[in-house]
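Q: Got a structure for you, written out below as structure tokens; questions coming shortly.
Just so it is clear, none of the values below were taken in a lab; they were calculated from the coordinates. Just so it is clear, the model here is predicted, and its values are computed rather than measured. Backbone-built Cβ (ideal geometry, glycine too); neighbour counts: all protein chains shown.
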Amino acid sequence: MKFKIVILLYVLVSFSCNKKLDVQPQNTVPAEEIKTSDDVKAVLFGAYSTWQNANAFGEKYNTFTELLVNDNDIDWAGTFAEYRDINNKEEDKLAPGIYQVWANSYHTINAANIVLSKLDLLGADDKTVVEGEAKFFRGVTYYYLVNLFARPWSAGNVSSNPGVPLILAPLTGYDAAKDKLPRASVEAVYKQVLSDLTDAVSKLPETSGSFRATKFSAEAMLSRVYLSQEKYAEAAAAANDVIQSQNFSLTQLFSNAFNNVANSTEDIFAIQQTAQSNTGTANFGITTFYSSYPVGRGELQITDAHIAKYEAGDARGAFFYDGVSISGSPGHLTSKWKNLYKAIPVVRLAEMYLTRAEANFRKGGAPVGPNTPIEDVNIIRSRATLPPLAALASVDDIVAERYKELAFEGERFLTVKRLKIPVKEHSYDDPRLIFPIPQREIDLGNALPQNEGY
């Protein structure tokens, strides 16, 4: 894609200032100047920053997707037209924010590709781990891109439905042979995602003291991909590996899983935040939109209808507070994203219990792991201070727990797509529940057919 890529890498200041990584990243590392192992690591650490960016896990992978599948859970109380349009399912192919998500995602992929092309500069001790991290970044980013900009796997016709361009070699300038790639099929993109994440699992360490990705970060993401494909045995196995690792534990209280200065005990992967390096505190950033003014803008407000879905005594149903938007509109706000400069959970252990429960229930037969589906569900309910269920009436009981446990964490979008859940008057595969290919990419002459309806 012609993003005028001159390897524009972001600096993840929180890592370098806090000395959490071995090498301090650089602002810009031209490809021809990547000559040492430290240069390679600088590019890799820049990928962490592209994920921290508001155009990825730092905000829009969450806010945009929550608004896109909003079904009377959120009141948009803001003034930004693009967010309003997404909430109303009236996305614009010229919208700058959608383009920024697309471009930032390909910046992440390009950083991964550069690293993978320079592995020979690394010593034996670093090479395997760095390769695993790069493939983790590329695999996860492609998973989000194909879900945001293409019809879901659940819609079928995966070998013919257009996905997104697969760019697997570094771009350091415009090269038509590499840049004007067509949209690969949804199936081909998923194949690449699975290949990258499976390889990452085999190469990443089980622990990391520097907030870097681990084997279990990759396995947790694999469980999401397998669920999307209805590969329930594989999803249960991936989730079970994470749970059985004993590297993670549920926080004692539900509230303790959020607003932490670093990873909680149940964060399998999280985005770090500091006052010096964060997703944004004025117009962008997850906390900016979700928390009440004056900390944030308070524009993603939670409806009474959503809060009413929690049982009496559910700690998750009490994890809201009253506040106002920057324009003075009163409403309820989720406490998950209440405070600035706190770690942003991307995937938590609670999700793994619910994934194992659902996957085991759907596949039938002997469960993967030591627990039955209802035992896994009741672990999550117990932490939420709810009584255990005596039995599961249907898989809907598990999906309902997932909905309440992971609300406003950006996961609902993936659940809607894989389970074919309608959103108001829109079917799960309505063209308006995916984003348009940015028009500026098409205008450059790239071989990118536009999505239906745009």
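Q: Among the GluC sites (Glu not before Pro) in the range 240-316, which ones are in a DSSP loop with at most 14 other Cβ atoms within 10 Å of the Cβ? Mind listing them?
A: 311
Q: Can you list the aspartates and glutamates whose alpha carbon sits under 16 Å from that of residue 89, skipping same-chain ones fewer than 8 residues off?
A: 66, 71, 73, 75, 425, 429, 430, 452
Q: Please grab the % of Cα pairs in the range 287-337 that end up more than 11 Å from each other.
A: Taking all Cα-Cα pairs of the range 287-337, the fraction more than 11 Å apart is 63 percent.
Q: Sorted by mean Cβ packing within 10 Å, highest first, what order do the peptides 252-263, 370-381 take?
A: On the way: 252-263: 16.2, 370-381: 19.8.
Highest-to-lowest ranking by the protection proxy: 370-381, 252-263.
Q: Measure out, as a whole number of angstrom, how far apart the alpha-carbon centroids of the range 121-163 and the range 208-259 sit.
A: 17 Å
Q: Give the relative contact order (percent, whole number) for the range 54-194; include only Cα pairs under 8 Å separated by 6+ residues.
A: The value is 20 percent.
Q: Between residue 261 and residue 389, with labels modelled 7 Å along Cα→Cβ, what's the label distance in nm to one decimal, could you check?
A: Going from the residue 261 label point to the residue 389 one covers 3.9 nm.
Q: May I ask you to sort 420, 203 by Cβ crowding, counting other Cβ atoms within 10 Å and putting the fewest first?
A: Ranked by crowding around the Cβ, least crowded first: 420, 203.
Q: Express the relative contact order of the chain as a whole percentage, based on alpha carbon pairs under 8 Å and six or more residues apart in sequence.
A: 19 percent
Q: What do the square roots of 5 times the Cα gyration tensor eigenvalues come to for the chain, in whole Å, largest first, as semi-axes of the equivalent ellipsoid?
A: On the way: eigenvalues 198, 129, 109 Å².
One finds semi-axes of 31, 25, 23 Å for the chain.
Q: Also: Ratio to report: Rg/Rh of the range 105-242, with Cα atoms as the point set and Rh obtained by the Kirkwood method; give two decimals.
A: Working: Rg = 15.3 Å, Rh = 15.5 Å.
We get a ratio of 0.99 for the range 105-242.
Q: Could the peptides 67-77, 317-327 be put in order, highest first, of the mean number of other beta-carbon atoms found within 10 Å of their residues?
A: Result, highest mean Cβ count within 10 Å first: 67-77, 317-327.
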